[in-house]
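Asks: Structure in structure tokens, see below.
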């Protein structure tokens, strides 16, 4: 014989499980926007947007508490920030130094 929870308990559970914004979603949206710009043949602008999204993810991971950082928490704080910042820097440097034929995408 099982007992069902009282209606007030169920309502309380729904309020306590409030949905939070996951910062990873913001990073994915910015990176997807950069990839969209890349498809429009704006190579440098698209790569800079991708790098900015990764750098923003590194900043959020550095400054936010682990619970607030959501899915950006994969390893330790320093490792996560280092990996995201290194990827952002590498993409930005590649965007800056890659010669584009005919000045396209500048």
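The values are calculated or read from the model by the stated rules, or taken from the named source; none is laboratory data. Just so it is clear, the structure is predicted and the values come from calculations on it, not from any experiment. Cβ atoms come from the backbone with ideal geometry, glycine included; neighbour counts cover every protein chain shown.
Asks: For segment 71-106, how many residues are over 19 Å from residue 45 (Cα atoms) and either in contact with a strand residue (DSSP E or B) (Cβ under 8 Å, 6 or more places away or on another chain) or not in a helix (DSSP H, G or I) (or both)?
Replies: Counting residues in segment 71-106 that are over 19 Å from residue 45 (Cα atoms) and either in contact with a strand residue (DSSP E or B) (Cβ under 8 Å, 6 or more places away or on another chain) or not in a helix (DSSP H, G or I) (or both) gives 4.
Asks: Every residue in segment 50-70 that is in a helix (DSSP H, G or I) and either within 13 Å of residue 93 (Cβ to Cβ) or over 12 Å from the mean Cα position of the chain (by Cα) (or both), please. Give the derivation first.
Replies: Here is the first cut: in segment 50-70, the ones in a helix (DSSP H, G or I) are 50-63, 66-70.
Across segment 50-70, the qualifying residues are 50, 51, 54, 55, 62, 63, 66, 67, 68.
Asks: Tell me, which residue of segment 66-87 that is under 12 Å from residue 23 (Cβ atoms) and at pLDDT 95 or above is surrounded by the fewest Cβ atoms within 10 Å (Cβ to Cβ)?
Replies: Among residues in segment 66-87 that are under 12 Å from residue 23 (Cβ atoms) and at pLDDT 95 or above, the one surrounded by the fewest Cβ atoms within 10 Å (Cβ to Cβ) is 80.
Asks: Next question. Which residue is farthest from the chain's Cα centre (by Cα), if the candidates are limited to segment 71-82 and must be touching a residue at least 12 places away in the same chain (Cβ under 8 Å) and within 16 Å of residue 25 (Cβ to Cβ)?
Replies: 73
Asks: Assuming residue 47 fulfils every condition listed in (1) on the phi > 0 side of the Ramachandran plot; (2) in contact (Cβ under 8 Å) with a residue 24 or more places away in the chain apart from one, which condition is it?
Replies: (1)
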